[in-house]
Amino acid sequence: MDSLDLVSHSPEQTQQLGELLGELARPGDIILLVGALGTGKTCMVQGIARGLGVTEYAFSPSFVIAREYHGRLPLYHVDLYRLEHVGELAELGLEEQLEGNGVCVVEWPEKGMPVLPPDRMIIALEYHTAGEEKRRISLTGEGERHRGLLEQLASVLEGTQWSS
């Protein structure tokens, strides 16, 4: 399975989806969150953190670029919003987070896409036309590892409240 399209009806439901991803996550998983301001990227991270057993409140690391949280696996929450050019990514020394023993979630990955690993999950969040609380969430697994993660998630969601 390469992709999965869902509709979230609330920020809490977006967090629930993230929590499921966190529960399924393995060391080395890379999740890229794409979407406009306010579409739920940080809600998704908060759910992933919960699914990893992180007890701290996960919030956007916009002013520090990266935050690390500790749970079942380390969660590296990276925000590239303030990046000026892709060369800055190499200067930040994020290799450990991207290739390490934890889960790396990157907000605004568009700014570093050329240097981010090709085996990853991309989650695109966008406003849904049917209501201000709803979001369209498109998940794409790139590479064998993340296609497998997507298949696991689809299996868990089968027969639940999630609609496409």
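A short reminder: the numbers here are calculations on the coordinates, not readings from a lab. Everything numeric here is computed off the predicted structure, so don't read it as measured data. Cβ: placed from backbone, ideal geometry, glycine included. Neighbour counts: every protein chain shown.
Look at the dipole of segment 3-157 built from charges on Cβ: of H9, A25, I48, the Cα furthest out on the positive end belongs to H9. The local environment of R147, defined by Cβ-Cβ distances under 10 Å, has a net charge of -4 under the rule Lys, Arg +1 and Asp, Glu -1.
So if we plug the beta-carbon distance of E99 and H128 into 1/(1 + (r/R0)^6) with R0 = 35 Å, what FRET efficiency do we get, rounded to 0.05?
0.50
Going by the alpha-carbon gyration tensor, a ≥ b ≥ c the square roots of its eigenvalues, is segment 109-164 rounded (a/c under 1.5) or, if a/c is not under 1.5, prolate (a/b greater than b/c) versus oblate?
oblate
Largest GNM mean-square fluctuation across R147, R82, R135, computed for the chain with C-alpha springs under 10 Å, falls on R82. Summing Cβ point charges (Lys, Arg +1; Asp, Glu -1) relative to the Cα centre of the chain gives a dipole of roughly 280 debye.
Backbone geometry of segment 150-157 corresponds, through the Karplus equation with coefficients 6.51, -1.76 and 1.60 at θ = phi - 60°, to 3J(HN,Hα) couplings of 5, 5, 4, 4, 4, 5, 5, 6 Hz, x marking Gly and Pro. Shown in residue order for segment 65-81 are the 3J(HN,Hα) couplings computed by the Karplus curve 6.51 cos²θ - 1.76 cosθ + 1.60 at θ = phi - 60°: 6, 9, 10, 10, 10, 10, x, 3, 10, x, 10, 9, 9, 10, 10, 9, 3 Hz (x for Gly and Pro).
By the count of neighbouring beta-carbon atoms within 10 Å, fewest first, D29, D119, D5, D79 end up ordered D5, D119, D29, D79.
Computed from phi, the 3J(HN,Hα) profile of segment 132-138 under the Karplus parametrisation 6.51, -1.76, 1.60 (θ = phi - 60°) reads 6, 7, 6, 9, 7, 10, 10 Hz, with x in place of Gly and Pro. Under 5 Å between amide hydrogens, which residues at least 5 positions from L32 or on another chain qualify, with H placed 1.01 Å from N in the peptide plane? It is V106, M121, I122, I123, by chain and number.
Here the chain was treated as a single set of alpha-carbon atoms; its pair distances binned every 5 Å from 0 give 2, 10, 19, 24, 22, 15, 6, 2, 0, 0 percent.
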